[in-house]
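The values are calculated or read from the model by the stated rules, or taken from the named source; none is laboratory data. This one's a predicted model, so the numbers in the text were calculated from it and none came from an experiment. Note that we place each Cβ from the backbone using ideal geometry, even for glycine, and neighbour counts take in every protein chain shown. Note: areas computed on protein heavy atoms with side chains; ligands, DNA, RNA excluded. Shrake-Rupley method; radii C 1.70, N 1.55, O 1.52, S 1.80 Å.
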Amino acid sequence: MTDNFKKDKEFNFVTVLDFLLEFKWPILIVTVVAGILAFIFSLPYFMPPKYQSTVVLYPATTSSISKAILSSYQGEKNDVLALGQEEEAEQLLQILQSDEITSKIVKKYDLIKHYRIDPNGAFPNTQLDKEFKKNISYHRTEFLSINISVMDESKDTAAMIANDIAALADTAKNNILHERARDVLAIVKDKYEEKQRFINQMVDSLQKIGELGVPPYSQTGSSVLTQEYLKALEGHKTALANELKIKMDLQQKYSPIQKSFLDRIEFENKELSGVRTNYEHAVVDAEKMLPATIIVNHAVKAEKKAWPARIIILVVSMLSALALSILFFAFLTNLRDYQRMKKQRQSEA
């Protein structure tokens with residue numbers, strides 16, 4: 001059985017070798033022609049070379065100055081120098097893919113004309129979107145950084161587009177945060193002014209009570225007036241005693257109201273202090289922002305083309321032509337053998 005296996009193996013090898021020797025020239029010609037065609041059609045005239053430029057950046061943990069610097073609570077502070085994590089990276093990717101950034105790049109570089117798209121043709125926007133996604137890509141790395149890669153026939157344009165997208169991403173994110181900060185500022189400002197008006201109203205009420213001749217509230221005020229009243233009676237100072245009696249009656253009537261106002265003013269002032277802090281933070285966030293991104297590498301002009309890879313095209317084309325030609329001639333050989341065997345059977349019959 002081992003001898004038969006060796007014979008079959010030797011027979012198959014000899015058969016394959018005979019087949020290759022028989023068709024060596026056609027196979028070689030097809031392979032060489034494929035290589036020549038691949039070389040010709042990979043020339044710049046048919047495949048204009050493209051250059052790639054890349055920006056590497058990290059999202060910042062926060063762009064809020066109030067949270068990064070001004071907060072008095074340690075737990076609320078964010079390290080302004082820290083790099084963003086997965087959540088911030090995903091948010092930045094969504095911003096990069098936004099219509100706002102895409103439309104600004106398309107308009108600034110006139111990409112419809114740059115990509116040679118007929119604006120009056122069928123589905124120009126669809127073609128533009130396809131070309132944009134083919135030449136401009138964003139992806140998150142394993143280190144949670146974001147790569148902005150741009151391919152273009154012009155090495156200068158590729159670098160400029162990549163750097164502009166990075167700048168627009170920072171601006172777009174800060175615009176979103178600015179808009180929210182302005183909304184927060186309006187709410188906090190209304191709350192602050194409302195509390196301030198309420199405190200002022202209570203202070204005005206105390207002043208009006210004082211204008212009635214009521215002495216300022218004091219925990220010992222009543223006993224002092226009582227002592228002065230008794231001394232006036234003992235000294236037979238009737239006018240002074242009557243005046244003090246009026247003050248004592250007014251104090252007895254309005255003293256609880258004064259205390260209530262003073263307690264409420266003290267409470268509201270404590271709350272106002274917290275609202276004032278929030279208001280100051282909101283003003284800072286609405287007017288100033290830290291950079292939303294930290295750029296590690298700016299895009300620079302590429303020295304070598306990134307596409308097409310002519311060597312790979314040549315190798316793949318020639319190997320594909322070699323394999324297809326072998327299969328084609330193998331099919332022809334088997335078909336020829338089958339037809340010959342069929343004729344022999346018919347002649348024997």
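Conditions (1) over 19 Å from the mean Cα position of the chain (by Cα); (2) at pLDDT 90 or above; (3) exposed (fewer than 15 other Cβ atoms within 10 Å of the Cβ), marked per residue:
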{"residue": "Ile112", "(1), (2), (3)": "yes, yes, no"}
{"residue": "Ala122", "(1), (2), (3)": "yes, no, yes"}
{"residue": "Gln127", "(1), (2), (3)": "yes, yes, no"}
{"residue": "Asn135", "(1), (2), (3)": "yes, yes, no"}
{"residue": "Ser149", "(1), (2), (3)": "no, yes, no"}
{"residue": "Glu153", "(1), (2), (3)": "yes, no, no"}
Original post:
Across segment 171-217, what is the number of residues that are surrounded by 17 or more Cβ atoms within 10 Å (Cβ to Cβ) and outside any helix (DSSP H, G or I)?
Top reply: 3
**OP:** Please tell me if Ile105 is touching a Leu at 6+ places or on another chain (Cβ under 6 Å) and surrounded by 12 or more Cβ atoms within 10 Å (Cβ to Cβ).
**Re:** no
Original post:
Under 8 Å by Cβ, and 6 or more places apart or on different chains, what pairs join a residue from segment 281-300 that is closer than 21 Å to Asn147 by Cα and small (Gly, Ala, Ser) with one that is modelled with pLDDT of 85 or more and open to solvent by 80 Å² or more (accessible area, probe 1.4 Å)?
Top reply: Ala299/Met160
Original post:
Of all residues in segment 15-24, which are open to solvent by 50 Å² or more (accessible area, probe 1.4 Å) and over 59 Å from the mean Cα position of the chain (by Cα)?
Top reply: Thr15, Val16, Leu17, Asp18, Leu21, Glu22
Subject >> Every pair of residues 6+ apart whose Cβ atoms lie under 9 Å, when the first sits in segment 24-45 and is among the acidic types (Asp, Glu) while the second is surrounded by fewer than 18 Cβ atoms within 10 Å (Cβ to Cβ) >> reply: none
Original post:
Looking at segment 287-304, is at least one residue closer than 27 Å to Ile36 by Cα and surrounded by 13 or more Cβ atoms within 10 Å (Cβ to Cβ)?
Top reply: no
